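Nothing in this text is a laboratory measurement; each read-out follows from the coordinates by a stated rule. In this text, all values refer to a predicted model and were calculated from it rather than measured experimentally. Backbone-built Cβ (ideal geometry, glycine too); neighbour counts: all protein chains shown.
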Amino acid sequence: MEQWSHKQIAAALPPLEADANKYTRGHLYVVAGCSRYPGAACLCAAAAQRAGAGYTSVRCSEEALPIVRTFRPSLVAESWEGLTDTALAQRDHAHPIAVALGSGFDAADGMCQKIALWSLTEVNAPLLLDGGALGAIANPYGLSRIALRNQKNCGPFVLTPHGGEAKRLAEAAGIAVIEAPQLARALANAYHATVALKGPDTYITNGEAVIAMTEGTAALAKAGTGDVLAGIIGSLMAQGCAPLEACVAGTTLHARAATLAADRLGPRSVIPEDLLEYLPEALRSFDCALRAPLRMTTRVEKSSGA
């Protein structure tokens with residue numbers, strides 16, 4: 001079983017160039033936060049800022065707008081009304097971008113379902129789907145749209161399901177529920193995606209090698225922590241990280257921030273907002289790793305077929 005060192009993951013993080021500006025540092029579009037779950041947009045977008053994106057835009061429900069704007073005045077927030085009638089993002093090598101979509105999507109909200117399915121073929125940029133968007137694509141129509149996205153070469157595609165969401169994605173694709181590492185690989189191949197299957201251990205794969213991130217903590221077992229993770233991974237992709245690297249680094253940063261928060265506050269008391277406060281310290285630990293090696297418990301399982 002191959003080991004990934006902390007220093008190797010640190011080296012995969014996007015460099016911060018001396019002449020960078022807010023556009024060259026990456027622009028993440030966060031599409032999140034229906035009227036029922038406005039906090040998801042706040043958490044996802046604020047995590048993206050903390051993880052280094054130079055520009056973070058939010059498209060959310062009309063009801064969520066004042067909450068997002070109050071939570072972080074530095075966020076550019078607009079309603080998602082009319083979103084499906086226009087291009088959300090276009091790839092530009094000089095100004096890297098990505099889209100994180102689905103945090104705080106309500107499965108019963110028709111607009112959420114419409115946006116999720118629309119994004120598969122109309123977002124011409126790296127795209128991460130999380131939360132309620134995963135349920136929206138877990139059907140034959142969603143699979144056909146994903147196949148079309150692949151044919152159109154719209155850009156990298158990432159899914160971040162927890163166990164229940166993974167089960168629904170597997171059922172839609174006709175995949176038997178199997179052990180988590182093999183399930184993650186099967187989902188990646190079926191959905192033409194990089195998959196981060198969240199759990200006590202998180203399994204990340206692009207359909208080939210499976211990387212296990214084993215630094216998870218029970219402090220993360222609260223609603224909203226997945227929204228923070230989506231923002232971190234999306235931010236890293238917006239800054240130019242390849243999807244697999246963004247998922248491995250992002251899940252580790254997320255777990256490190258939770259561990260730091262639990263050390264100070266106790267694991268019972270950690271809330272998603274605490275991860276935003278401790279994420280900078282987790283990032284600093286990676287920066288230090290480029291000067292002195294630190295231990296990290298990440299392993300890689302080689303593919304033996306889906």
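Using the alpha-carbon centroid of each, what span in Å lies between the range 115-144 and the range 159-197?
What the calculation gives is 14 Å, centre to centre.
Taking K and R as +1 and D and E as -1, what net charge do the other residues with C-beta under 12 Å from the C-beta of Gln239 add up to?
Net charge in that neighbourhood comes out at 0.
Whole number please: convex hull volume per residue of the Cα set in the range 79-177, in Å³?
Expressed per residue, the convex hull around the Cα atoms of the range 79-177 is 104 Å³.
With charges set only on the Cβ (+1 for Lys and Arg, -1 for Asp and Glu), what does the dipole of the range 63-124 come to about its Cα centre, in debye to the nearest 20? Walk me through the numbers before you get to the answer.
Details: 4 positive and 8 negative charges, 49 e Å.
Roughly 240 debye, rounded to the nearest 20.
Thinking of the range 174-269 as a set of Cα atoms, what percent of all their pairs are more than 22 Å apart?
Value for the range 174-269 (Cα pairs over 22 Å): 30 percent.
Shape of the range 47-120 from its Cα gyration tensor (a ≥ b ≥ c, root eigenvalues): rounded if a/c is under 1.5, otherwise prolate when a/b > b/c, or oblate?
oblate
For semi-axes √(5λ) of the Cα gyration tensor in Å, several values are listed as (1) 33, 21, 19; (2) 26, 24, 19; (3) 44, 20, 18; flag the one computed from this structure.
Entry (2).
Give the relative contact order (percent, whole number) for the range 1-116; include only Cα pairs under 8 Å separated by 6+ residues.
30 percent
Rounded to the nearest 0.05, what FRET efficiency do Asn153 and Ala176 have when you use their Cβ-Cβ distance and R0 = 35 Å?
0.70
Where both residues lie in the chain, what percent of DSSP beta bridges are antiparallel, nearest 5?
Approximately 40 percent, going by the DSSP bridge assignments.
Evaluate the relative contact order of the range 144-239 (contact order divided by residue number), counting alpha-carbon pairs under 8 angstrom at least 6 apart; express in whole percent.
22 percent
Please check: in the Gaussian network model of the chain (C-alpha springs, under 10 Å), which one of Ala172, Ala257, Ala53 has the largest mean-square fluctuation.
Result: Ala172 has the largest fluctuation of those listed.
So what are the three principal axis dimensions of the range 212-262 from its Cα atoms, in whole Å, longest to shortest?
Here the spans come out as 30, 21, 16 Å, largest first.
Pairs of Cα atoms under 8 Å, at least six residues apart: use those to get the relative contact order of the chain, whole percent.
Working: 702 pairs, mean separation 71.9, N = 306.
It rounds to 24 percent for the chain.
Run the numbers for Lys222 and Lys167: contour at 0.36 nm per residue of separation, minus the present Cα-Cα distance, in nm.
17.8 nm is the gain from fully extending Lys222 to Lys167.
Return the calculated 222 nm mean residue ellipticity for the chain, to the nearest 500 deg cm²/dmol, obtained by summing -39500 (n - 2.57) across DSSP H runs with n ≥ 4 and dividing by the residue count.
Helix-only estimate at 222 nm: -14000 deg cm²/dmol.
Along the charge dipole of the chain, which of Ile146, Phe105, Ala261 sits closest to the positive end, that is, farthest toward it, with unit charges on the beta carbon of Lys, Arg, Asp and Glu (+1, +1, -1, -1)?
Of the candidates, Ala261 comes out farthest on the positive side.
Please report the Cα spread of the range 1-92 along all three principal axes, rounded to whole Å, starting with the longest.
45, 32, 25
I need the GluC sites (Glu not before Pro) found in the range 152-239, filtered to DSSP loop residues with at most 15 other beta carbons within 10 Å of theirs. Don't skip to the answer; put the middle values down first.
Working: sites: Glu165, Glu171, Glu179, Glu208, Glu215; in loops: Glu179, Glu208, Glu215.
Of the GluC sites (Glu not before Pro), the ones in loops of the range 152-239 whose Cβ has at most 15 other Cβ atoms within 10 Å are Glu179, Glu208.
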